[in-house]
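Since the structure comes first, as structure tokens, the remarks are kept for the end.
The values are calculated or read from the model by the stated rules, or taken from the named source; none is laboratory data. None of the values given here were measured: they were computed from a predicted structure. Neighbour counts run over all protein chains shown; Cβ positions are idealised from the backbone, glycine included.
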Amino acid sequence: MRSVDVHTHLLPPELPRWSERFGYGGFVRLEHLGGCKARMVRDDGTQFREVESNVWDPEVRLRECDQAGVGVQVLSTVPIMFSYWVREPRHALDVARFLNDHLASVCAAHPRRFVGLGTLPLQAPDLAARELIRCVRELGLAGVQIGSHAGNWNLDRPELFPVFAEAEELGAAMFVHPWDMMGQERMQKYWLPWLVGMPAEVSQAICSMIFGGVFERLPALRVCFAHGGGAFAATLGRIQHGFECRPDLVAVDNPHPPARYLGRFWVDSLVHDPRVLRLVLDTFGPRRVALGTDYPFPLGEEQPGKLIRSLELDEGAREALLSRNALDWLGREPRELDLA
């Protein structure tokens, strides 16, 4: 069975000039440089990232998937496109709908190779819930990708609970990706937001959903966290001890210990170190870790599945990590996809 990559990012080949349409700035546009390169540029002219055609061209992606033995990619937008900061919720919805319509069209053109996750205007939970329904029921997407927080709201925020409840009701998969990393004012050098901030963001998201009672109240909600769950596995002992020694501070919204929820959610395998991957497997369980590469970006895994294959695993365990765990999270059967 070929592999399923749960963590890949897609952009349309062209992005609207949102600032001209809405009358204020802060949005990202795509400036093509000719050939197979482009720049993601903010309205103030600062460059966010240089990208290549594999971020927008499905045929390039498919060729590279075939070369790497990847049967299926799970597509989601680049997190900078979340637009949770947008001042007018309807504008954020317009951005989300544009991105979701494009992503769904790519999946519809290659239904056995691509599975899609939409994006939501989380700062407006009522609009987000309606767009989630549209993503699943009208566009045929498997679920949605959300950020590790939405503005000043962590994922325990009561306003967000109806969105999670709708995802459970729909049977939609949810992928939580870090973005807008904490502490950036003190992390201006050395790419520290990506090296230090991202793992902390993911752990904060997991803790927020655990301590906020999201998993307790929604036991059928299927959530996968990016980057191996960030710092959570390495700090679980401290988190659990904090719950036990200061329940007056920690157990204020959920009386149950963090360890209760191990095995209730998934993480991807993107940790770059076999020792850490072994810890992740021991912490979350061998049926709750799925291949993820962050394709097509440089901080990802260049050879999909290489880290998983570096571990001494039996064939069944390796296949689970490379494909079957992802299918369980997505709610898909192997026969629906091109995995032969």
Can you tell me which condition R222 does not meet? The list is (1) within 18 Å of H7 (Cβ to Cβ); (2) among the basic types (K, R); (3) more than 16 Å from the chain's Cα centre (by Cα), and all the others hold. (3)
Just one of the numbered conditions (1) in a helix (DSSP H, G or I); (2) of a type outside the set (A, V, I, L, M); (3) touching a Pro at 6+ places or on another chain (Cβ under 9 Å) is not true of H241; which one? (3)
Quick check: anything in the stretch 55-74 farther than 30 Å from V289 by Cβ, of a type in the set (S, T, N, Q) and surrounded by 13 or more Cβ atoms within 10 Å (Cβ to Cβ)? no
Does the stretch 139-157 include one or more residues that are of a type in the set (A, V, I, L, M, F, W, C), over 17 Å from S83 (Cα atoms), out of contact with any Lys or Arg (no Cβ under 6 Å at 6 or more places or on another chain) and not in a loop (DSSP other than H, G, I, E, B)? no
Test for V267: is it in a strand (DSSP E or B), among the hydrophobic types (A, V, I, L, M, F, W, C), at pLDDT 95 or above and surrounded by 15 or more Cβ atoms within 10 Å (Cβ to Cβ): yes
If you take just the strands (runs of 3 or more DSSP E) that sit entirely in the stretch 42-119, which of them hold at least 2 residues that are touching an Asp or Glu at 6+ places or on another chain (Cβ under 6 Å)? 70-76
Take E138 and decide whether it is more than 20 Å from the chain's Cα centre (by Cα), surrounded by fewer than 20 Cβ atoms within 10 Å (Cβ to Cβ) and under 27 Å from S105 (Cα atoms). yes
